[in-house]
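The values are calculated or read from the model by the stated rules, or taken from the named source; none is laboratory data. Quantities reported herein were computed from a predicted structural model and do not represent experimental measurements. Glycine also receives a Cβ, built like all others from the backbone with ideal geometry; neighbour counts cover every protein chain displayed.
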Amino acid sequence: MSATSTSPINTVHKFPWVGLLALAGAVFLSVTSEMIPTGLLPDMSRSLGVSEAQIGLLVTVFAFTVVITSTPLTALTKRWPRHGMIVGILVVLAISNLLTAFAPDYVFVVISRIAGGVAHGMFWSIVGAYAGHLVPKEQIGRAVSITLGGGTLAFVFGVPLGTFAGHVFGWRLSFGFLAVLMLVGAAMVWKFLPKVERDEDAQPRPRGGRARAKDATVVAVIMVCLVAAVTMIGHYAFYTFVVPFLTDAMGVPAGNVGALLFLYGIAGAAGLVLAGSVLGPRPQFGLILALVVTGIAVAALAVFAATPVLALTAFIVWGLAFGALPPLLQTRLLHTSSPAFRDTASALYTTAFNVGIGGGALLGSIVFDAGGLMVLPSLYIGLLVVSLVLVLVIGRMTRARARAV
């Protein structure tokens, strides 16, 4: 497939399946790299002579690095070719994982993870917008769902397989093997991912150094990012403590928790497919539906926690509805943003999403200590209501702008 343009007259004669699958593979590897320390806590703790809590902080360091660096680095590199950047980022992630594999001590591991966090933040600032550049607007939901499917598969298969390999062959070999896969992924992206021409690449720089007029979609983009942050804060405030909820409130035996979480992940994958195949062309309606169903499922889970059949059903519906939210949010972002602003919008979205993850875990810990486990579902539902109101406001803003045009 030849390079495409993001201008309104852009036409794509064939849906770029191979390129999007290569991009999904890169997402799979990036998310696996981010989350794999959670599965290797005991092994890394014993080997490096630090506590498991310190190993757990590696994920926090990774996410915090993303929050700090993704937006400014995206602005600094906005005129760099995105295709080459994705390849280079995967190479940097490979080096980061290789450095982790050979790290002599904990401090060296932290440094290697910071390097990986910088690359990971840049990657997520590019990948969603890149998928949007590959296809016309009506196919963005489908393209984003395919791309983000790699992240879902990372949670369902990548992290568990990496954890298994680490337990059997040692955690260092697990990181080393991931580094090799990163290089393979970089080669696949270089060969199979089509290059794109963005609107801002085609437009000349303003004469005399004058800045362009402010993009008309900035406010709506910030609103979408706010929805992402609020939703993720609510989700991770509760999901961070989902294991004690399953074992205490629902009475699930500890040995069955892994199977339930796997089932939740499968339901999330189904939600992602639903977002791409049915709801993607109408992300505004899809977001409203997913937020409402998520809230109802969490409420039912809390009310009927002691009733196994109802609680299990609510748990699966929660996974299904929430699984649709990230691709729908990304699709809504790309529909809302002008093509020229998509890269910056994606960087802001990445920052908001990671703020939501870290902030949710922190808020959940505070609320859990102060009010107990059963307060968390109510907190989650309250924040979903806030997100729903914001989504409705975004819809009105978008319609008003369309009428003005």
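Worth pointing out:
- Residue within the range 109-130 that is crowded, with 24+ Cβ neighbours inside 10 Å and more than 28 Å from Leu57 (Cα to Cα) present: yes
- Annotation: of all residues in the range 103-139 being of a type in the set (D, E, K, R) and assigned to a helix (DSSP H, G or I), the one that is farthest from Leu328 (Cα to Cα) is Arg113.
- Comparison of Phe262, Phe245 shows that the only residue that is of a type outside the set (Asp, Glu), within 24 Å of Gly158 (Cα to Cα) and either touching a residue at least 12 places away in the same chain (Cβ under 8 Å) or out of contact with any Asp or Glu (no Cβ under 8 Å at 6 or more places or on another chain) (or both) is Phe262.
- Qualifying residues in the range 234-243 (those that are modelled with pLDDT under 85 and not hydroxyl-bearing (Ser, Thr, Tyr)) - the one surrounded by the fewest Cβ atoms within 10 Å (Cβ to Cβ): Val243
- Checking Thr344 against (1) within 21 Å of Thr71 (Cα to Cα); (2) β-branched (Val, Ile, Thr); (3) touching a helix residue (DSSP H, G or I) at 6+ places or on another chain (Cβ under 6 Å), the condition it does not meet: (3)
- Scanning the range 320-341 for residues that are in a helix (DSSP H, G or I), among the small types (Gly, Ala, Ser) and crowded, with 22+ Cβ neighbours inside 10 Å returns Ala321, Gly323, Ala324.
Results for (1) assigned to a helix (DSSP H, G or I); (2) modelled with pLDDT of 85 or more; (3) of a type in the set (S, T, N, Q); (4) touching a Cys at 6+ places or on another chain (Cβ under 9 Å), shown as yes or no for each residue.
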{"site": "Asp343", "(1), (2), (3), (4)": "yes, no, no, no"}
{"site": "Tyr349", "(1), (2), (3), (4)": "yes, yes, no, yes"}
{"site": "Asn354", "(1), (2), (3), (4)": "yes, no, yes, no"}
{"site": "Gly359", "(1), (2), (3), (4)": "yes, no, no, no"}
{"site": "Leu363", "(1), (2), (3), (4)": "yes, yes, no, no"}
{"site": "Val367", "(1), (2), (3), (4)": "yes, yes, no, no"}
{"site": "Ala370", "(1), (2), (3), (4)": "yes, yes, no, no"}
{"site": "Ser378", "(1), (2), (3), (4)": "yes, yes, yes, no"}
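- Taking the listed residues Leu58, Leu29, Leu23, the one that is within 18 Å of Asp105 (Cβ to Cβ) and modelled with pLDDT of 80 or more is Leu58, with no other qualifying.
- Scanning the range 221-266 for residues that are over 20 Å from the mean Cα position of the chain (by Cα) and among the aliphatic types (A, V, I, L, M) gives Val243, Leu246, Ala249, Met250, Val252, Ala254, Val257, Ala259, Leu260.
- Of the residues making up the range 380-405, those that are in contact (Cβ under 8 Å) with a residue 40 or more places away in the chain, closer than 16 Å to Ala228 by Cα and aliphatic (A, V, I, L, M) are Ile381, Leu383, Leu384, Val385, Val386, Leu388, Leu390, Val391, Leu392, Val393, Ile394.
- Some residue of the range 44-54 being of a type in the set (Gly, Ala, Ser), closer than 17 Å to Gly128 by Cα and modelled with pLDDT under 80: no
- Subset of the range 224-261 [farther than 23 Å from Ser378 by Cβ, assigned to a helix (DSSP H, G or I) and out of contact with any helix residue (DSSP H, G or I) (no Cβ under 7 Å at 6 or more places or on another chain)]: Gly255, Asn256, Gly258, Ala259
- Residue among Ala249, Ala259, Ala254, Ala213 that alone is farther than 29 Å from Leu161 by Cβ, surrounded by fewer than 23 Cβ atoms within 10 Å (Cβ to Cβ) and modelled with pLDDT under 85: Ala213
- Odd one out for Tyr130, checked against (1) in contact with a strand residue (DSSP E or B) (Cβ under 7 Å, 6 or more places away or on another chain); (2) free of Cβ contacts under 8 Å to residues at least 24 places away in the same chain: (2)
- Checking Pro136 against (1) over 17 Å from Pro194 (Cβ atoms); (2) surrounded by fewer than 17 Cβ atoms within 10 Å (Cβ to Cβ), the condition it does not meet: (1)
- When Thr69, Thr38, Thr32 are checked against the criterion of being surrounded by 16 or more Cβ atoms within 10 Å (Cβ to Cβ), more than 18 Å from Leu348 (Cα to Cα), β-branched (Val, Ile, Thr) and in contact (Cβ under 8 Å) with a residue 24 or more places away in the chain, a single residue qualifies: Thr32.
- Residue check: Ala75 meets all listed conditions (1) modelled with pLDDT of 85 or more; (2) farther than 27 Å from Phe175 by Cα; (3) assigned to a helix (DSSP H, G or I) but one, namely (1).
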